[in-house]
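Okay, structure first, notes after.
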Amino acid sequence: MSEQKDKSTTPSRKERKLQTAKEEKKKNRGSGKKPAAKRSSKPGAGKSESNQGAAARIADKKKPSRRPASSGEKRRPATAGGERLSPAERYEQRQSERTAGAPVTGSTSGKPYAGDKGRGPTSGQPYAGGKVKTARETAERDRARTAANAGGRKPGTAVPAGTGVQGLPKAARPHSEAAVPGKKPQAELSGAPKRPDPTVPTVEAEQIKAGDRIVVTIKRIGINGEGVGYYRRKAVFIDGAITNEVVKAEVIETQEKFMKAKLMEIEKKSPDRVEPPCPVFGICGGCQIQHISYPGQLRAKTEIVREAFSRYTGLNDLKIKPMLGMDRPWDYRNKAQLQVERRDVKGSKSEIVAGLYEIGSHEIVDISGCPIQHPQVNRAIERVKAVLGELNIPLSKGDSRGGRSDIKDSGPRKGVRTIVVRYGFQSEQLQVTLVTENADIPRQEELIERLRLELPEMTGLSLNVNPLKTSLIFGERTTSLWGSEAMKESLGDLEFELSPRAFFQLNPEQTTKLYETIRVAAALTGKETVVDAYCGTGTIGLWLAPYAAEVRGIEIIPEAVEDATRNAALNGRDNAQFFEGEAEDLLPRWAKAGLSPDVIVADPPRTGLDRKFLETVLRTKPQKFVYVSCNPSTLAKDCKVLLDGGYEIQSVQPLDMFPQTSHVECVTVLVKNS
């Protein structure tokens with residue numbers, strides 16, 4: 001029936017041509033040959049093209065090109081590999097050319113990213129799900145880049161929080177769940193990684209240089225109060241950063257094993273971060289961790305001790321007792337040593353500033369009303385400054401030729417360089433010492449009378465001469481100008497007399513806890529011989545004397561030995577003696593004479609124990625060694641020597657002697673390995 005119907009129906013000329021074209025296309029498709037393009041000089045011959053060409057023309061009519069092709073420009077019919085594109089592929093290619101102005105080739109660097117199909121974000125980073133930017137996003141990005149360039153933003157600078165790459169507000173991605181009110185983005189729910197910040201380099205640590213910006217997660221607090229993190233496994237030290245914070249920082253120094261960086265932005269803030277109460281925190285250098293809550297400070301300091309022992313002794317599971325802190329971690333310091341300077345002030349002649357040197361400079365920072373100094377110490381400093389100014393006493397810093405150019409009798413004399421004030425928490429006595437470069441101070445009698453009037457609680461005024469350019473406060477010579485040369489103070493049931501240069505703990509409240517910790521650690525029965533090395537004014541030895549058979553203290557400063565001897569007599573500690581010299585010299589002599597100490601207590605400076613002293617301890621071999629340290633790093637290093645020499649650590653007790661600072665005291669007990 002179909003054959004009869006076809007014969008009875010006469011097709012039109014157009015239909016015959018279309019049927020002929022279809023048959024030729026089928027034959028060519030079966031043989032694998034490409035159809036030859038027909039050309040005719042007759043009008044309308046173009047209508048006989050294949051359906052493929054017709055579809056392409058229809059697509060062109062639907063959306064005309066933004067750039068008209070020149071007469072000499074030919075349409076690219078095939079890919080670079082020579083394969084002919086399908087109509088759909090050519091349509092998609094032209095759409096890309098119209099929206100972007102040029103073919104999209106992936107990243108702007110020309111390097112394809114994983115899964116690149118010839119289309120993708122110009123940042124070179126793939127989107128989740130392989131989505132392609134729309135024409136609207138592309139145009140917005142181009143306008144943002146133009147605006148940023150016009151605004152003068154420098155490449156590599158940080159952008160404000162909550163903004164896009166060019167500093168504009170971040171818009172929700174089209175068709176994403178972020179655009180739906182009340183619904184969280186899918187990336188946040190699924191834990192998908194955020195797009196990397198283009199202001200932060202993603203290079204290796206060895207390629208980082210000063211000025212680069214990096215994002216760091218802070219792992220712990222360092223021994224100087226800085227935040228410690230890692231970038232590509234390289235340590236980074238950042239002042240002001242806190243444990244568990246994510247920060248953006250600018251590199252200021254690079255070394256082989258570490259980098260130093262400046263805190264620029266906090267991306268994730270620690271719950272321990274607080275507002276520092278001191279207006280010069282971070283400038284004067286006296287405190288390092290006021291920006292951390294006090295419970296956070298105690299945790300951080302405990303970790304400093306733990307990290308030091310792990311690093312230098314290899315004891316990763318060492319048991320450390322809970323930190324002994326303060327109930328009120330302010331107003332605790334009983335002594336101040338402040339540099340003074342005379343400065344010109346607009347509208348008046350001058351003013352005297354007393355303070356500490358700014359970090360990394362020789363500029364004095366005024367610390368009037370310091371929150372960790374006792375209020376009586378702050379008041380005394382202010383009154384001394386006022387009297388020096390009223391009497392025009394020359395200062396070593398800030399005066400012309402060492403004196404005042406507008407004062408006739410100030411002359412070229414070198415003047416006062418440091419004010420030292422010590423206050424007795426128990427005795428309520430006040431000791432004032434002026435450190436000068438020359439023993440001759442003008443108007444000395446007037447100075448004494450005025451200070452006595454302004455400070456009725458002052459029990460002694462002394463003058464110390466230090467003409468040397470050194471970081472040490474005191475010189476070798478001290479002269480009493482008025483009153484008692486030594487100040488009285490008490491700890492527990494002990495009374496002390498302290499000369500201006502004598503060492504005495506700066507925090508009396510915590511000192512009592514410290515000495516009790518030492519006594520318990522020594523576990524004395526009344527039969528032991530105790531050597532108090534680095535004894536200072538003998539405070540530790542005198543605290544232990546009632547519980548020991550004999551106590552011998554060793555100190556290299558003559559004045560401190562005199563104070564210790566006087567304090568022993570004052571408190572009736574007849575079994576305590578104090579000797580001038582070095583422990584590494586005296587201990588071997590005593591050993592030859594038949595003295596073998598059962599317990600040695602050492603409270604060295606921050607530099608730790610002298611190597612000769614450690615060797616002497618190992619030769620003497622006391623049953624117990626109590627190490628009182630103010631530096632966990634040197635403590636752990638010295639303990640490593642003692643551990644290798646036959647000792648083992650019995651206990652570690654940290655104490656917070658100086659709240660708001662990074663310093664931590666530690667009492668470590670070592671016993672002979674059985």
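Just so you know, all these numbers are worked out from the coordinates, no wet-lab data involved. If you're wondering where the values come from, they're calculated on a predicted model, not measured in any experiment. Here the Cβ positions follow ideal geometry from the backbone for every residue, glycine too, while neighbour counts run over all protein chains shown.
When only the Cβ of Lys, Arg, Asp and Glu is charged (+1, +1, -1, -1), the dipole of region 507-672 relative to its Cα centre reaches about 520 debye. If only the Cβ of Lys and Arg carry +1 and only the Cβ of Asp and Glu carry -1, the dipole of region 327-376 around its Cα centre is close to 160 debye.
What are the semi-axes of the equivalent ellipsoid of region 335-491, taken as the square roots of 5 times the eigenvalues of the Cα gyration tensor, listed largest first and rounded to whole Å? Don't skip to the answer; put the middle values down first.
Values: eigenvalues 111, 64, 50 Å².
So the equivalent ellipsoid measures 24, 18, 16 Å along its semi-axes.
Counting other Cβ atoms within 10 Å as a rough exposure proxy, the listed residues 616, 537 run 616, 537 from fewest neighbours to most. If you average the alpha carbon positions of region 214-231 and of region 281-318, how far apart do those two centres end up, in angstrom? When both Cα centres are located, 11 Å separates them. Each label was represented as a point 7 Å from its Cα along the Cα-to-Cβ direction; for residue 205 and residue 523 these points are 4.2 nm apart. Our note on the geometry: Cα centres of region 232-257 and region 594-612, 37 Å apart.
FRET efficiency for the residue 574 to residue 673 pair, using the beta carbon distance and R₀ = 30 Å, is estimated at 0.30.
Under the classification rounded if a/c is under 1.5, otherwise prolate if a/b is larger than b/c and oblate if not, where does region 507-672 fall, given a ≥ b ≥ c as square roots of the Cα gyration tensor eigenvalues?
Values: a/c = 1.41, a/b = 1.07, b/c = 1.32.
Since a/c stays below 1.5, the shape of region 507-672 is classed as rounded.
Please report the net charge: other residues with Cβ closer than 15 Å to the Cβ of residue 282, K and R +1, D and E -1.
On the way: positive: 262, 273; negative: 226, 239, 275, 358, 363, 366.
Once positives and negatives cancel, what remains is -4.
What's the FRET efficiency of residue 556 with residue 477 using the Cβ-Cβ distance as r and R₀ = 22 Å, to the nearest 0.05?
Details: r = 17 Å, r/R0 = 0.79.
The pair residue 556/residue 477 has a calculated efficiency of 0.80.
With 0.36 nm allotted per residue and the present C-alpha distance subtracted, the residue 443-residue 610 stretch has 55.6 nm of extension available.
Per-residue Karplus couplings for region 280-287, computed as 6.51 cos²θ - 1.76 cosθ + 1.60 with θ equal to phi - 60°, are listed in order as 10, 4, x, 10, 6, x, x, 10 Hz, Gly and Pro entered as x. Note on residue 351 and residue 386: the model spin-label points, each 7 Å out from Cα along the C-beta direction, lie 1.4 nm apart.
With a threshold of 18 Å on the Cα-Cα distance, the over-threshold entries among 513/640; 397/469; 219/321; 209/234; 219/262; 301/335 are 513/640; 219/321; 301/335.
Applying 1/(1 + (r/R0)^6) with r as the Cβ-Cβ distance of residue 321 and residue 619 and R0 = 30 angstrom yields a FRET efficiency of 0.50. Rounded to the nearest 20 debye, what is the charge dipole size of region 219-297 about its Cα centre when +1 sits on each Lys and Arg Cβ and -1 on each Asp and Glu Cβ? So the magnitude is around 360 debye.
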